[in-house]
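Below you'll find the structure, written out as structure tokens, and then a few comments.
The values are calculated or read from the model by the stated rules, or taken from the named source; none is laboratory data. Since we're looking at a predicted model, the values are computed, not measured. No Cβ is skipped: glycine too gets one built from the backbone with ideal geometry, and neighbour counts run over all protein chains shown.
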Amino acid sequence: MRPTQPRLHIGNYEGALRNWVDLQNKGFEMFCMVADWHALTTMFEETDQIGQNSIGVAKDFIAAGIDPDKSAIFVQSHVKEHAELHLLFSMVTPLGWLERTPTYKEKRDAMGGAEREPYGLLGYPVLQTSDILLYRPYGVPVGRDQAPHLEIGNDIGQRFNRLYGQDIFPTYKYLIPEDETRAKLPGLDMRKMSKSYDNCIYLADTADETAKKIKSAYTTPSKIKKDDPGIPESCAVCQYLKVYSPNWQTQWEEDRQGLRGCMMNKTECTEAINEYFRPMRELRASLDDNDVREILRQGAEKASAVASQTMIEVRKAMGLLA
Ligand code: ADP
């Protein structure tokens, strides 16, 4: 997760973090990373908040249920092996693979051309591949939008294995939520929920902030009167009901038949979201910055122990002098 803001939104939670917690609780060894170097690809001009944001994101991990005694919670820049593997992978990755990445094209156009586009933006999937393959994982739990990057990662790992005749890197699985609503949670305006669209509900929002946001959320455009039929598939509020309300099926059916108005949906949706996130919000508010720093220090140690072992094998495979 990139610390471009001091908090995560519920799209980050549904697409990735909720799965992290489930996998941890099933006994998987988890490496939960705050990707501060990755945040620099788009916010290199305003970096003063990155450190504090990293603490905020780590707080969200812990609030959501990541247990620092079971899982490594760490900041990317604290584990220098990420930079070393990135450099080595950058030597073996064909440029064409990177230029074809769909998110790269989008971001490059937004940056305003080659004179302004940072070198690091193109290499983003190479750094992400290093983040993943250093831990030689079984799988990577992410939201749907990350799938193209993960494909490149497996290609780079397999290319490395072939080039140096070693089986160092596994082919990992993409662990994307099966439910499409969760894999790509819509924002308040029905576009993908994303910090850059200003359409987010944050895990750390208060109950009142959540209520205010849901009031302004996009609903079925043709449902003007209370008894007009709704189309739950195209209504942000109904999408959230599906994720957070135990009675969503009845609520959707009534919406479709015009038996309930948007206000009722919004009230029940606010209650369901606030109910679901209340314990996480309380836990998050009780976390102390210095305790979180210590958790991140210990997490980096745990991650380094695994990452440094991978690097020994990588250097050896390439024939670098030990
Ligand atoms: P953002 O898109 O808000 O900048 P990041 O790129 O830092 O968020 O994504 C962090 C994780 O959250 C990734 O695994 C990504 O797939 C997931 N994610 C981001 N937005 C959503 C969303 N709207 N629905 C589901 N997963 C999401």
task = Answer yes or no: is there a residue in segment 275-283 that is surrounded by 13 or more Cβ atoms within 10 Å (Cβ to Cβ), without any contact (Cβ under 8 Å) to a residue 40 or more places away in the chain and basic (Lys, Arg).
result = no
request  = Restrict the check to segment 209-220 and report whether at least one residue is out of contact with any strand residue (DSSP E or B) (no Cβ under 8 Å at 6 or more places or on another chain) and at positive phi.
outcome  = no
ask   = Which number in (1) out of contact with any Lys or Arg (no Cβ under 6 Å at 6 or more places or on another chain); (2) touching a residue at least 40 places away in the same chain (Cβ under 8 Å); (3) in a loop (DSSP other than H, G, I, E, B) marks the one condition that residue 300 misses?
value = (3)
key: Those residues of segment 174-191 which are outside any loop (DSSP other than H, G, I, E, B) and either under 23 Å from residue 105 (Cα atoms) or without any contact (Cβ under 8 Å) to a residue 12 or more places away in the chain (or both), in sequence order   = 174, 183, 186
query = Tell me, which residue of segment 192-237 that is touching a Gly at 6+ places or on another chain (Cβ under 9 Å) and of a type in the set (Ser, Thr, Tyr) is farthest from the ligand (Cβ to nearest atom)?
reply = 222
ask   = How many of the residues making up segment 235-250 are out of contact with any strand residue (DSSP E or B) (no Cβ under 9 Å at 6 or more places or on another chain) and under 13 Å from residue 262 (Cα atoms)?
value = 4
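Evaluate segment 153-173: report whether one residue or more is assigned to a helix (DSSP H, G or I), among the acidic types (Asp, Glu) and within 21 Å of the chain's Cα centre (by Cα).
Scanning segment 153-173, I find no residue that is assigned to a helix (DSSP H, G or I), among the acidic types (Asp, Glu) and within 21 Å of the chain's Cα centre (by Cα), so the answer is no.
Report yes if residue 167 is assigned by TED's automatic domain parsing to the domain that holds residue 308, surrounded by fewer than 19 Cβ atoms within 10 Å (Cβ to Cβ) and under 18 Å from residue 17 (Cα atoms), otherwise no.
no
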ask   = From the list 27, 15, 65, which residue is assigned by TED's automatic domain parsing to the domain that holds residue 299, in contact with a helix residue (DSSP H, G or I) (Cβ under 8 Å, 6 or more places away or on another chain) and surrounded by fewer than 21 Cβ atoms within 10 Å (Cβ to Cβ)?
value = 65
query = Taking segment 39-58 on its own, how many of its residues are of a type in the set (Val, Ile, Thr) and either at pLDDT 95 or above or more than 23 Å from residue 106 (Cα to Cα) (or both)?
reply = 3
